[in-house]
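Please treat every number below as a calculation from the coordinates, not as lab data. This structure is a prediction, so every number in the text was calculated from the model and none was measured. Neighbour counts are summed over all protein chains in view; Cβ atoms, including those assigned to glycine, are modelled from backbone coordinates with ideal geometry.
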Amino acid sequence: MLSPEVRQVVEESRPTEDVAFLVSIESDDALARAARISDMVVRNDFLDGEFHQMKQPFVASLAKYEDDGMRIIDELDGTPQLIVAAPAKIWRRMIREDIAMLSDPRLELCLNEADWHLEA
């Protein structure tokens, strides 16, 4: 989901300015299933596969915007996260078109900056 802070950054950025987000996908279910696997190697392999599979619908929905500058910076293998970037005008278009991905409660988008949420 897009928080008001994330929307504000998109709206205040120049249209051609790249805006990068860290996308986190809710993974409690996969983590709960993995907790029952005692072998660490098997557990890690299981989680790698689960996280990769969880990302695929999101990655597929981004493909529509690749020609406009949307790109995956890093899939952060082994995690339920990835880093994506696009010009602000593309994020605005996605918000305007109200694509389901941006309102999915299982997704959290935050700025790909270490201090994005800290007050000065």
Rg/Rh of segment 4-111 (Cα atoms, Kirkwood Rh), to two decimals, equals 1.04
Subtracting the Cα-Cα distance of GLU113 and ILE95 from 0.36 nm times their residue separation yields 4.4 nm
Going residue by residue through segment 16-31, the Karplus relation 6.51 cos²θ - 1.76 cosθ + 1.60 with θ = phi - 60° gives ³J(HN,Hα) values, rounded to whole Hz and with x marking Gly or Pro, of 8, 6, 6, 10, 10, 10, 8, 9, 10, 9, 4, 10, 4, 4, 5, 5
FRET efficiency for THR16 and VAL41 from the Cβ-Cβ distance with R0 = 41 Å, rounded to 0.05, comes out at 0.35
Sorted on mean Cβ neighbours within 10 Å (highest first), peptides 11-22, 81-92 come out as 81-92, 11-22
Residue-ordered couplings for segment 42-54, obtained by feeding phi - 60° into the Karplus form 6.51 cos²θ - 1.76 cosθ + 1.60 and rounding to whole Hz (Gly and Pro as x), are 5, 4, 5, 4, 4, 5, 4, x, 5, 5, 4, 5, 5
Note, segment 80-97: 3J(HN,Hα) by Karplus (6.51, -1.76, 1.60, θ = phi - 60°), whole Hz, Gly/Pro = x, goes x, 10, 8, 10, 10, 9, 6, x, 3, 5, 6, 4, 4, 4, 4, 5, 4, 6
Residue-normalised 222 nm signal for the chain, counting each DSSP H run of n ≥ 4 as -39,500 (n - 2.57), nearest 500 deg cm²/dmol, is -13500 deg cm²/dmol
